[in-house]
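Below is one structure, written out as structure tokens; the observations come after it.
Nothing in this text is a laboratory measurement; each read-out follows from the coordinates by a stated rule. Here the structure is a predicted model, which is why all the values come from computation and not from measurement. All Cβ positions, even for glycine, are placed from backbone atoms using ideal geometry, and neighbour counts span all protein chains on display.
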Amino acid sequence: MVVKSINIDTQTKATQAEISPNLAVDLLKEGNERFVKNEVFQRDLHQQVKDTATGQYPFASILSCIDSRIPTEVIFDQGIGDIFNARVAGNFINEDILGSLEFACMLAGSKTIVVMGHTSCGAVKGACDKAELGNLTQMLGKIQPAVDSTTTEPGEARDSSNIDFVNRVAVKNVHHNINLLRKMSPVLKQMENAGQISVVGAMYDVNSGVVEFLD
């Protein structure tokens, strides 16, 4: 791994205030590009622990899957105190997630929300296969609208044996949950309409490490 010599300071209230919603997304894009190129910034993480002990000023909030292959700070090349993380299998919206994101944006100053799915998602595969197992059954039901609304060609498999279908469902699930966020949280919708935050979708490729931001 190539570590760039520049040492990145911890986010402060002042630096957070200077970041616009568009810039927040650009910072994440630039961080992922560094990660993919294996040219990450040098950070004194122990110093950042000390710096954030009395307060935090993250510039972005990421709703992503619990999948172990997607350590969010790592793939966006961010440090301690830079981003909020909300993680659940299938990266779906519920009241607890919404409350967490409302805290992150309204009270703690985060400038963007990224709803991020990923390729080869196990939760999406389970939903495609209509898997049933304890509490997993109810959880996968939240992904079912994306499964049902993803079209296929005649004869094309609609289960986990068709990885292209799985990945298309994952993209559809991102868009579905962005729509739910705007519908279920007047707080976040108002902030987005006022230009205080941006809400964007993204997909992480587990093969390449690339994050693609969606329209």
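To the nearest ten degrees, helix 21-37 and the longest principal axis of the Cα atoms of the chain are 80 degrees apart. Exceedance of the 18 Å cut-off in Cα-Cα distance is limited, within the set 142/172; 13/189; 13/183, to 13/189; 13/183. A cut-off of 5 Å between modelled amide H atoms, ignoring neighbours fewer than 5 places along the same chain, links residue 62 with 84, 85, 86, 114.
Over all projection directions, the Cα-based convex hull of the stretch 155-196 averages an area of 3.9 nm².
Between residue 68 and residue 152, the C-beta separation translates, for a Förster distance of 45 Å, into a calculated FRET efficiency of about 0.95. For residue 120 and residue 33, the FRET efficiency from 1/(1 + (r/R0)^6), where r spans their Cβ atoms and R0 equals 22 Å, is about 0.50.
Here is the list for the stretch 26-115: trypsin sites (Lys or Arg not before Pro) lying in DSSP coil, each with at most 15 other C-beta atoms within 10 angstrom of its C-beta, are 69.
Given the chain, what percent of its DSSP beta bridges are antiparallel, to the nearest 5? The answer is about 15 percent antiparallel.
Bridgeable lysines around residue 29 (alpha carbons under 16 Å apart, same-chain partners fewer than 8 residues away excluded): 37, 111. Inter-part distance, the stretch 130-156 to the stretch 184-215, computed on C-alpha centroids, equals 23 Å.
Once both axes come from the Cα atoms, what is the angle between helix 163-184 and the longest principal axis of the chain, in degrees from 0 to 90, rounded to 10? In the chain, helix 163-184 runs at an angle near 60 degrees to the longest axis. The calculated Kirkwood hydrodynamic radius for the stretch 2-214 is 17.9 Å, given to one decimal from all distinct C-alpha pairs.
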